[in-house]
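Working notes for the structure below.
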Amino acid sequence: ALLHPRRPQADILAQPFVCLGRTLQGIPFGSRQLTDIFFLIASTDDAGHLHVLARLSRLLSSDGFTQLIRDAESPAELHAEIIKREADLLAGGS
């Protein structure tokens, strides 16, 4: 799930951020399937908001990305894998 306020929050945020949450068991969230991966996107401007949504959408549609999130054993491991996967996508890989 990509949770994102519709309007940028420049007045209440010092800087934009993205948080990732993962549940061990899925929870009901907007569809018949249970959801176990959540991203919270908090932006300070429209351009940044759209840029983050596009990048996350691209990552989430890449092969094996959601399983990579589910299989990560630590936040540090997951962060490194996300950085690597994003660099691969930007370089034109899959």
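So that you can scan it fast, the table gives a plain yes or no per residue for (1) basic (Lys, Arg); (2) touching a residue at least 40 places away in the same chain (Cβ under 8 Å); (3) open to solvent by 80 Å² or more (accessible area, probe 1.4 Å):
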site: ALA10; (1), (2), (3): no, no, no
site: LEU59; (1), (2), (3): no, no, no
site: ASP63; (1), (2), (3): no, no, yes
site: LYS84; (1), (2), (3): yes, no, yes
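Taking PRO16 and the conditions (1) under 17 Å from the mean Cα position of the chain (by Cα); (2) open to solvent by less than 70 Å² (accessible area, probe 1.4 Å), which numbered condition does it fall short on, given that it satisfies the others?
Among (1) under 17 Å from the mean Cα position of the chain (by Cα); (2) open to solvent by less than 70 Å² (accessible area, probe 1.4 Å), PRO16 violates only (2).
Hey, among GLU73, GLU77, which residue is open to solvent by 40 Å² or more (accessible area, probe 1.4 Å), outside any helix (DSSP H, G or I) and acidic (Asp, Glu)?
Exactly one of GLU73, GLU77 is open to solvent by 40 Å² or more (accessible area, probe 1.4 Å), outside any helix (DSSP H, G or I) and acidic (Asp, Glu), namely GLU73.
Is there a residue being under 16 Å from PRO5 (Cβ atoms) and in contact with a Gly (Cβ under 6 Å, 6 or more places away or on another chain) anywhere in the stretch 26-44?
Checked against the condition, which is being under 16 Å from PRO5 (Cβ atoms) and in contact with a Gly (Cβ under 6 Å, 6 or more places away or on another chain), the stretch 26-44 yields at least one hit.
Taking the stated definitions as given, is LEU3 open to solvent by 90 Å² or more (accessible area, probe 1.4 Å) and modelled with pLDDT under 90?
No: the conditions fail for LEU3.
When only residues in the stretch 38-57 that are surrounded by fewer than 17 Cβ atoms within 10 Å (Cβ to Cβ) and hydrophobic (A, V, I, L, M, F, W, C) count, which is nearest to LEU13 (Cα to Cα)?
LEU40
Those residues that are surrounded by 12 or more Cβ atoms within 10 Å (Cβ to Cβ) and part of a strand (DSSP E or B), I need them from the stretch 22-33; list them, please.
In the first step, residues of the stretch 22-33 are kept if they are surrounded by 12 or more Cβ atoms within 10 Å (Cβ to Cβ); the result is 22-23, 29.
Across the stretch 22-33, the qualifying residues are ARG22, THR23.
The values are calculated or read from the model by the stated rules, or taken from the named source; none is laboratory data. Values in this document were obtained by computation on a predicted structure and should not be read as measured data. Here the Cβ is made from the backbone with ideal geometry for all residues, glycine too, and neighbour counts use every protein chain on show. To get the accessible areas, we keep the full protein, side chains included, count just its heavy atoms, and leave off ligands, DNA and RNA. Shrake-Rupley method; radii C 1.70, N 1.55, O 1.52, S 1.80 Å.
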